[in-house]
Amino acid sequence: MVMPNQLRYARESLNLDIKEVTAALELSEGQLKAWESGTATPTIEQLWQLADFYSRDIDYFLTEALPIPVELSFRFTEPLTIERLSVENRKLIARFDELCRAQRELEEILNEPHKINISRVTDKIEPEELARRERIRLGKNDRPIKNVREVLEKQGIRVFELDIPESIFSGLSWWHSNYGPCMLANYSDISGRRNFTLSHEYCHLLLGHGPTACEIEFDYIRGEGEERVANRFAASFIMPSADVREEFRKRQLSETMTAPFFTGSQFSFPPLSQPN
(Lines give C-alpha, C1' and ligand atoms only; values in the text may rest on other atoms or scores of the structure.)
Protein backbone atom coordinates (compact mmCIF):
# COMPACT_ATOMS: atom_id res chain seq x y z
CA MET A 1 0.00 0.00 0.00
CA VAL A 2 1.34 3.42 -0.98
CA MET A 3 1.93 5.71 2.01
CA PRO A 4 0.98 9.33 1.19
CA ASN A 5 3.47 10.78 3.69
CA GLN A 6 6.35 9.05 1.92
CA LEU A 7 5.38 10.66 -1.36
CA ARG A 8 5.43 14.04 0.33
CA TYR A 9 8.72 13.36 2.17
CA ALA A 10 10.39 12.37 -1.11
CA ARG A 11 9.36 15.65 -2.73
CA GLU A 12 10.14 17.85 0.26
CA SER A 13 13.57 16.27 0.79
CA LEU A 14 14.47 17.68 -2.62
CA ASN A 15 12.92 21.04 -1.66
CA LEU A 16 10.63 20.91 -4.68
CA ASP A 17 7.15 22.38 -4.79
CA ILE A 18 4.23 20.60 -6.43
CA LYS A 19 4.40 22.74 -9.56
CA GLU A 20 8.03 21.80 -10.21
CA VAL A 21 7.32 18.07 -9.93
CA THR A 22 4.17 18.07 -12.00
CA ALA A 23 5.82 20.13 -14.74
CA ALA A 24 8.79 17.77 -14.93
CA LEU A 25 6.65 14.62 -14.95
CA GLU A 26 3.78 16.02 -17.02
CA LEU A 27 1.22 15.42 -14.28
CA SER A 28 -1.61 17.61 -13.08
CA GLU A 29 -1.21 19.38 -9.74
CA GLY A 30 -4.48 17.81 -8.65
CA GLN A 31 -3.09 14.33 -9.24
CA LEU A 32 -0.01 14.84 -7.09
CA LYS A 33 -1.97 16.58 -4.33
CA ALA A 34 -4.43 13.68 -4.27
CA TRP A 35 -1.62 11.13 -4.02
CA GLU A 36 0.08 13.03 -1.19
CA SER A 37 -3.19 13.42 0.72
CA GLY A 38 -4.16 9.77 0.28
CA THR A 39 -7.41 10.46 -1.59
CA ALA A 40 -6.02 8.72 -4.70
CA THR A 41 -3.22 6.26 -5.46
CA PRO A 42 -0.72 6.35 -8.34
CA THR A 43 -0.49 3.40 -10.68
CA ILE A 44 2.61 1.20 -10.54
CA GLU A 45 3.95 2.94 -13.65
CA GLN A 46 3.45 6.35 -12.06
CA LEU A 47 5.09 5.11 -8.88
CA TRP A 48 8.17 4.01 -10.81
CA GLN A 49 8.22 7.41 -12.49
CA LEU A 50 8.17 9.17 -9.11
CA ALA A 51 10.84 6.85 -7.70
CA ASP A 52 13.16 7.60 -10.60
CA PHE A 53 12.57 11.35 -10.38
CA TYR A 54 13.07 11.48 -6.59
CA SER A 55 16.14 9.17 -6.66
CA ARG A 56 14.38 6.69 -4.41
CA ASP A 57 13.70 2.96 -4.53
CA ILE A 58 10.05 2.19 -5.03
CA ASP A 59 9.72 0.51 -1.62
CA TYR A 60 10.42 3.91 -0.04
CA PHE A 61 6.79 4.75 -0.82
CA LEU A 62 5.49 1.50 0.69
CA THR A 63 7.14 1.58 4.11
CA GLU A 64 7.41 4.16 6.86
CA ALA A 65 10.71 6.07 6.84
CA LEU A 66 11.83 9.35 8.27
CA PRO A 67 12.70 12.28 5.97
CA ILE A 68 16.28 13.51 5.72
CA PRO A 69 17.36 15.89 8.51
CA VAL A 70 15.77 19.26 7.78
CA GLU A 71 18.42 21.13 9.76
CA LEU A 72 21.21 20.18 7.35
CA SER A 73 23.68 23.08 7.29
CA PHE A 74 26.17 23.95 4.58
CA ARG A 75 29.60 24.97 5.83
CA PHE A 76 30.93 26.64 2.73
CA THR A 77 33.03 29.67 1.95
CA GLU A 78 29.97 31.21 0.33
CA PRO A 79 26.61 31.10 2.19
CA LEU A 80 24.52 28.25 0.81
CA THR A 81 21.24 26.52 1.58
CA ILE A 82 19.63 23.43 0.12
CA GLU A 83 17.33 25.67 -1.91
CA ARG A 84 20.35 27.03 -3.78
CA LEU A 85 21.71 23.59 -4.66
CA SER A 86 21.01 22.24 -8.11
CA VAL A 87 18.25 19.64 -8.29
CA GLU A 88 20.94 17.15 -9.27
CA ASN A 89 22.82 17.77 -6.02
CA ARG A 90 19.62 17.56 -4.00
CA LYS A 91 18.91 14.20 -5.60
CA LEU A 92 22.43 13.11 -4.67
CA ILE A 93 21.67 13.80 -1.00
CA ALA A 94 18.39 11.89 -1.30
CA ARG A 95 20.29 8.98 -2.87
CA PHE A 96 22.73 8.96 0.03
CA ASP A 97 19.84 8.83 2.48
CA GLU A 98 18.33 6.01 0.43
CA LEU A 99 21.55 3.99 0.61
CA CYS A 100 21.60 4.34 4.40
CA ARG A 101 17.98 3.23 4.61
CA ALA A 102 18.55 0.26 2.29
CA GLN A 103 21.56 -0.90 4.30
CA ARG A 104 19.54 -0.73 7.52
CA GLU A 105 16.69 -2.74 5.97
CA LEU A 106 19.10 -5.38 4.67
CA GLU A 107 20.53 -5.79 8.17
CA GLU A 108 17.03 -6.32 9.52
CA ILE A 109 16.22 -8.90 6.84
CA LEU A 110 19.46 -10.80 7.57
CA ASN A 111 18.94 -10.38 11.32
CA GLU A 112 22.35 -8.75 11.64
CA PRO A 113 22.35 -6.15 14.42
CA HIS A 114 24.16 -2.93 13.59
CA LYS A 115 26.63 -2.19 16.36
CA ILE A 116 27.86 1.38 16.82
CA ASN A 117 31.25 1.48 18.52
CA ILE A 118 31.62 5.23 18.88
CA SER A 119 30.06 7.65 21.30
CA ARG A 120 29.88 11.41 21.26
CA VAL A 121 32.43 13.41 23.22
CA THR A 122 30.83 15.71 25.77
CA ASP A 123 33.85 17.28 27.46
CA LYS A 124 35.92 20.09 25.98
CA ILE A 125 39.02 18.73 24.32
CA GLU A 126 41.55 19.96 21.80
CA PRO A 127 41.07 18.29 18.39
CA GLU A 128 44.64 17.00 18.29
CA GLU A 129 44.16 15.33 21.68
CA LEU A 130 40.86 13.84 20.55
CA ALA A 131 42.58 12.46 17.45
CA ARG A 132 45.35 10.99 19.62
CA ARG A 133 42.83 9.29 21.89
CA GLU A 134 40.92 7.88 18.93
CA ARG A 135 44.10 6.50 17.39
CA ILE A 136 44.96 4.78 20.66
CA ARG A 137 41.43 3.38 21.00
CA LEU A 138 41.59 2.06 17.44
CA GLY A 139 45.03 0.54 17.95
CA LYS A 140 46.64 2.60 15.19
CA ASN A 141 49.76 3.54 17.17
CA ASP A 142 51.78 6.24 15.37
CA ARG A 143 51.53 5.16 11.76
CA PRO A 144 49.44 6.77 8.99
CA ILE A 145 45.89 5.53 8.47
CA LYS A 146 45.69 4.58 4.80
CA ASN A 147 42.05 3.50 4.53
CA VAL A 148 39.88 5.71 6.73
CA ARG A 149 36.64 4.33 5.28
CA GLU A 150 37.47 0.79 6.39
CA VAL A 151 38.36 2.01 9.89
CA LEU A 152 35.11 3.99 10.26
CA GLU A 153 32.88 1.23 8.92
CA LYS A 154 34.27 -1.10 11.61
CA GLN A 155 33.08 1.50 14.12
CA GLY A 156 29.50 1.19 12.85
CA ILE A 157 29.44 4.30 10.67
CA ARG A 158 27.57 3.95 7.40
CA VAL A 159 30.03 5.28 4.84
CA PHE A 160 29.26 5.82 1.15
CA GLU A 161 31.15 7.42 -1.71
CA LEU A 162 29.26 8.95 -4.63
CA ASP A 163 30.19 11.30 -7.46
CA ILE A 164 29.03 14.70 -6.24
CA PRO A 165 27.91 16.86 -9.20
CA GLU A 166 30.31 19.74 -9.80
CA SER A 167 32.13 18.60 -6.62
CA ILE A 168 30.16 21.33 -4.88
CA PHE A 169 30.89 19.81 -1.48
CA SER A 170 33.47 17.30 -0.25
CA GLY A 171 31.63 15.49 2.49
CA LEU A 172 28.38 15.17 4.38
CA SER A 173 27.53 13.61 7.72
CA TRP A 174 24.62 13.20 10.11
CA TRP A 175 23.60 11.02 13.03
CA HIS A 176 20.23 9.70 11.91
CA SER A 177 17.70 8.68 14.55
CA ASN A 178 17.00 5.42 12.66
CA TYR A 179 20.21 4.62 10.79
CA GLY A 180 22.82 5.91 13.23
CA PRO A 181 25.99 7.77 12.15
CA CYS A 182 26.16 8.20 8.36
CA MET A 183 28.82 9.74 6.15
CA LEU A 184 29.26 10.62 2.48
CA ALA A 185 32.44 11.49 0.57
CA ASN A 186 32.97 12.65 -2.99
CA TYR A 187 34.13 9.67 -5.05
CA SER A 188 35.50 12.06 -7.68
CA ASP A 189 38.22 13.15 -5.24
CA ILE A 190 41.51 11.26 -5.07
CA SER A 191 41.75 8.66 -2.32
CA GLY A 192 43.88 10.79 0.00
CA ARG A 193 41.46 13.69 -0.18
CA ARG A 194 38.59 11.32 0.60
CA ASN A 195 40.54 10.09 3.62
CA PHE A 196 40.82 13.66 4.88
CA THR A 197 37.13 14.34 4.17
CA LEU A 198 36.01 11.24 6.08
CA SER A 199 38.28 12.11 9.01
CA HIS A 200 36.88 15.65 9.03
CA GLU A 201 33.30 14.35 9.07
CA TYR A 202 34.24 11.83 11.77
CA CYS A 203 35.14 14.74 14.03
CA HIS A 204 31.72 16.31 13.45
CA LEU A 205 30.06 13.05 14.52
CA LEU A 206 32.25 12.59 17.58
CA LEU A 207 31.63 16.13 18.81
CA GLY A 208 27.89 15.98 18.17
CA HIS A 209 27.83 18.72 15.55
CA GLY A 210 24.61 19.00 13.59
CA PRO A 211 24.03 17.46 10.15
CA THR A 212 26.52 19.12 7.80
CA ALA A 213 27.66 19.29 4.21
CA CYS A 214 31.22 20.58 4.10
CA GLU A 215 33.42 22.22 1.53
CA ILE A 216 36.66 20.95 3.03
CA GLU A 217 39.53 23.42 3.28
CA PHE A 218 42.62 21.26 3.42
CA ASP A 219 44.97 23.76 5.01
CA TYR A 220 44.30 22.59 8.54
CA ILE A 221 44.99 25.95 10.17
CA ARG A 222 42.29 27.67 8.13
CA GLY A 223 38.57 27.77 8.62
CA GLU A 224 36.48 28.99 11.52
CA GLY A 225 34.75 27.44 14.50
CA GLU A 226 33.69 23.83 14.08
CA GLU A 227 35.24 23.59 10.62
CA ARG A 228 38.68 24.54 11.88
CA VAL A 229 38.34 22.05 14.72
CA ALA A 230 37.37 19.27 12.29
CA ASN A 231 40.30 20.09 9.99
CA ARG A 232 42.78 20.03 12.86
CA PHE A 233 41.37 16.70 14.03
CA ALA A 234 41.59 15.22 10.52
CA ALA A 235 45.21 16.26 10.04
CA SER A 236 46.25 14.62 13.33
CA PHE A 237 43.99 11.59 12.91
CA ILE A 238 45.42 10.55 9.54
CA MET A 239 49.06 11.11 10.50
CA PRO A 240 50.22 12.43 13.89
CA SER A 241 52.40 15.51 13.52
CA ALA A 242 55.13 13.95 15.68
CA ASP A 243 55.48 11.18 13.13
CA VAL A 244 55.64 13.72 10.30
CA ARG A 245 58.37 15.68 12.08
CA GLU A 246 60.40 12.51 12.60
CA GLU A 247 60.01 11.63 8.93
CA PHE A 248 61.21 15.15 8.03
CA ARG A 249 64.31 14.68 10.19
CA LYS A 250 65.12 11.35 8.59
CA ARG A 251 64.69 12.66 5.05
CA GLN A 252 66.09 16.16 5.74
CA LEU A 253 62.97 17.75 4.26
CA SER A 254 61.82 21.35 4.65
CA GLU A 255 59.27 22.24 7.30
CA THR A 256 56.59 23.04 4.74
CA MET A 257 55.64 20.28 2.40
CA THR A 258 53.03 19.38 -0.15
CA ALA A 259 50.65 17.16 1.77
CA PRO A 260 51.11 13.49 0.87
CA PHE A 261 47.38 12.90 0.96
CA PHE A 262 46.18 15.38 -1.64
CA THR A 263 47.50 17.83 -4.17
CA GLY A 264 47.42 21.59 -4.02
CA SER A 265 47.53 21.86 -0.22
CA GLN A 266 50.25 22.90 2.18
CA PHE A 267 50.72 21.69 5.73
CA SER A 268 52.92 23.86 7.94
CA PHE A 269 54.18 22.47 11.22
CA PRO A 270 55.98 24.24 14.06
CA PRO A 271 59.75 24.69 13.51
CA LEU A 272 61.85 21.60 14.06
CA SER A 273 64.58 21.76 16.59
CA GLN A 274 68.02 21.57 15.01
CA PRO A 275 69.78 18.22 15.47
CA ASN A 276 72.82 18.33 17.71
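Structure summary
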| quantity | calculated |
| --- | --- |
| Scope segment 16-56; condition under 23 Å from the mean Cα position of the chain (by Cα) and buried (at least 16 other Cβ atoms within 10 Å of the Cβ); matching residues | LEU16, ALA51, PHE53, TYR54, SER55, ARG56 |
| Residue selected from segment 75-111 under the condition polar (S, T, N, Q) and farther than 14 Å from ALA213 by Cα, by the criterion modelled with the lowest pLDDT | SER86 |
| Neighbours by Cβ (under 6 Å, 6+ apart or cross-chain): first from segment 194-208, at negative phi and surrounded by fewer than 24 Cβ atoms within 10 Å (Cβ to Cβ); second modelled with pLDDT under 95 and of a type in the set (Val, Ile, Thr) | LEU206/VAL121; LEU207/VAL121 |
| Tally of residues being part of a loop (DSSP other than H, G, I, E, B), among the hydroxyl-bearing types (Ser, Thr, Tyr) and surrounded by 14 or more Cβ atoms within 10 Å (Cβ to Cβ) across segment 57-74 | 0 |
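Residue-wise test of (1) in the same structural domain as GLY171 (by TED's automatic domain parsing); (2) assigned to a loop (DSSP other than H, G, I, E, B); (3) touching a strand residue (DSSP E or B) at 6+ places or on another chain (Cβ under 7 Å).
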site	(1), (2), (3)
LYS33	no, no, no
ALA40	no, yes, no
GLU45	no, no, no
GLN49	no, no, no
ARG90	yes, no, no
GLU107	yes, no, no
GLU112	yes, yes, no
LYS115	yes, yes, no
THR122	yes, yes, no
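The values are calculated or read from the model by the stated rules, or taken from the named source; none is laboratory data. Quick caveat, the model's predicted, so the values are computed rather than measured. Positions of Cβ are backbone-derived with ideal geometry, glycine not excepted, and every protein chain shown enters the neighbour counts.
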